[in-house]
1. Among (1) aromatic (F, W, Y); (2) touching a residue at least 60 places away in the same chain (Cβ under 8 Å); (3) assigned to a strand (DSSP E or B), which single condition is F369 missing?
2. Taking V85, is it more than 25 Å from R529 (Cα to Cα) and either among the aliphatic types (A, V, I, L, M) or in contact with a strand residue (DSSP E or B) (Cβ under 9 Å, 6 or more places away or on another chain) (or both)?
3. Pairs needed: first member in the stretch 582-598, closer than 29 Å to E532 by Cα and of a type in the set (K, R); second member anywhere, surrounded by fewer than 16 Cβ atoms within 10 Å (Cβ to Cβ) and modelled with pLDDT of 90 or more; C-beta distance under 9 Å; at least 6 residues apart or different chains.
4. Among (1) out of contact with any strand residue (DSSP E or B) (no Cβ under 7 Å at 6 or more places or on another chain); (2) closer than 24 Å to N440 by Cβ; (3) of a type outside the set (D, E, K, R), where does N377 come up short?
5. Of everything in the stretch 17-64, what is assigned to a helix (DSSP H, G or I) and touching a Ser or Thr at 6+ places or on another chain (Cβ under 7 Å)? Give them in sequence order.
6. Select from the stretch 157-174 the residues that are at pLDDT 90 or above and out of contact with any helix residue (DSSP H, G or I) (no Cβ under 7 Å at 6 or more places or on another chain) and list them in ascending order.
7. What residue, among those in the stretch 449-497 that are within 27 Å of W235 (Cβ to Cβ) and among the basic types (K, R), is modelled with the highest pLDDT?
Amino acid sequence: MDLAKLHLHWRVSRYKDKTYRSYSLARAYRKDGKNRKEIVLKLGKLSDAEADMWRSVLKTIKKPDTFLATCDDIVVTDHFGYLDVAVASSIWDFWSLDAIFNDNGIRDVSLAKIARILSVNRCIDPVCKSKIPEWFSSTALPWLLDVDSELINSSRIFRELDAIEILKESICEHLFRTIALKYPNSMESVFYDLSSTTFTGSRCTLMKWGHCKEGYQNHVVLAIVVNKDGLPFYWDVLPGGTADANTITWLIRRLKSRFKTIDTTLVFDRGMVSDDNLSLIEGEQIKYISAMDKSQLEGITGIDFGIFSFLDFKNVDAQANDLKNFTKLNNNTYYQEAKVEGKRRYILCFNPQLFKDQRKAREQAVVNFRAFVDNLNSELNGAKRSRQRKATDHRFKDGIRKFKLTKFVDVSLKIQHLKRTIKDGSEQKIRSYLGTINVNEANMLEAGRLDGFWLLVTNHTEKEGEPFKISPESAIAPYREKVVIESAFRDIKSFAEVSPVHVWKEIHVKAHFTICVLSHLINRTLTLRLHENTGTLTENIVAHERLYSELSSCMIDRIKIESADLSTYKKSLSTEKQKELLERIGKKDILALDIIKN
């Protein structure tokens, strides 16, 4: 009996004055040009549920790949990450990054695909290079990229790192042109900054031992330039210990031709400001915005900041409105044009919140120093041998310098004679000291006379009549927006996990950073889209970390039918949240991909 050729037939029957349906399995055929049916199996009276079950069975059995199994026969044997990696990979395509990696020679796997795999990994689940093959085979990328997972091995990855880094300048040039084309207004101001990252080994020639943001470590210096939206378009790895101010020459030499193709302003931190650096930038006719060191405020402006001594912690928000000759930009910024000197224009700014933060930090430093003195006094009180005055004094003075309190804090030493019992049971007198803190309140107030103030410097000096062509507000805003580059480093060094670096060849270290920056480009693009398009179910998801987390549950499952010794693949059912997120980032078409065919 071939069930695939049968259908469910019924007729009305009567029994004891009751009417009911009598069901049977029938086979349709034609005879003498007429449709006929043959009753193959009588089923009798069926409930509606039983009849629906038979219809479902007969409909299913007609499919050529149908077989019978129970729920116990069906097991899921493997999961492959899909929706999160598919989204990250699609942003690689948005930036047309494949176009940069023109392969020279014959490769089993193209250089573009290797670079994409490394970058997507940094976005989703950063692992060391030797573990990339294992991660790759646990995702849907082999199907999405049409790459046999057996071809991805650590030897191939390390070999291709050289080729990726050789193309770094081409990648930067491509991104500069593409960003300027897609988001022209976002290049009005670009931001440059430095950070550092540590090493696990000690063989890299770029690495130097010294002080960096992580403390005293073997490190290299990371340099990056991003547009006002935080999208990177230039970066490099510099030797450890490279001073911030020494990198401006390096940057201008590489970017001056690009800066001249568009109307842009270079924004950088005060640590890179020097007279030579500013003169260099001015000589190249590149516009810039930065800030001067705090110690230069009085010398440049000629202002006696003692006139602001009336400002105090509790009332500074209201007092800021009474600052003479200052204009309010917003609750955290008041400004006045200080002066124009040659090609440089100085704008003096006051930030009430910065004022409170600096005052609070100074008071906390005094509190911390008191705790330091208490601990040292406790140690001196427990001394078993006599202490030298000069050496003891140095220890207190070192603490004062450490907490940056030299201008208004001192410690006076008082001799104390202590009795100690020695081994033979007799008593012995020893000399120790007790430190007493002296805080000069007037000097402390004087040390804080510049609290809250900062001085912006720019070469936007052109005027349209009397006002400047670039208003103070327009000059201040980009410098205050430099948080985007701090966010870039935060993402690269935490989520993309640039540190610690597990490779040691110079070209591999640089390639590693290039991959990290490309992953940040993907992450930042997704974050910008989440901010541009709000949701209802997912309104609290505004950054790439949460996006990947929400998408990660949509996977490709390998399903095995044990009773038939068969296996197949099935995509997880997408949630409403996932559908909304894809809508927000402009990638709803990803769910339509027939990846199971691959």
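1. Answer for F369: the failing condition is (3).
2. Here the answer is no, as V85 does not meet what is asked.
3. Qualifying pairs under 9 Å: R584/E532; R584/N533; R584/T534; R584/G535; K588/K579.
4. (1)
5. T60 - this is the single residue of the stretch 17-64 that is assigned to a helix (DSSP H, G or I) and touching a Ser or Thr at 6+ places or on another chain (Cβ under 7 Å).
6. Hits for the stretch 157-174 are I166, E169, C172, E173.
7. For the stretch 449-497, the residue satisfying everything is R480.
So that you can scan it fast, the table gives a plain yes or no per residue for (1) touching a residue at least 24 places away in the same chain (Cβ under 8 Å); (2) aromatic (F, W, Y); (3) in the same structural domain as K360 (by TED's automatic domain parsing); (4) part of a strand (DSSP E or B):
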position	(1), (2), (3), (4)
L405	yes, no, yes, no
S412	yes, no, yes, yes
D424	no, no, yes, no
I430	yes, no, yes, yes
L434	yes, no, yes, yes
H460	yes, no, no, no
E473	yes, no, no, no
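The values are calculated or read from the model by the stated rules, or taken from the named source; none is laboratory data. Model, not experiment: these values are computed from the prediction. All Cβ positions, even for glycine, are placed from backbone atoms using ideal geometry, and neighbour counts span all protein chains on display.
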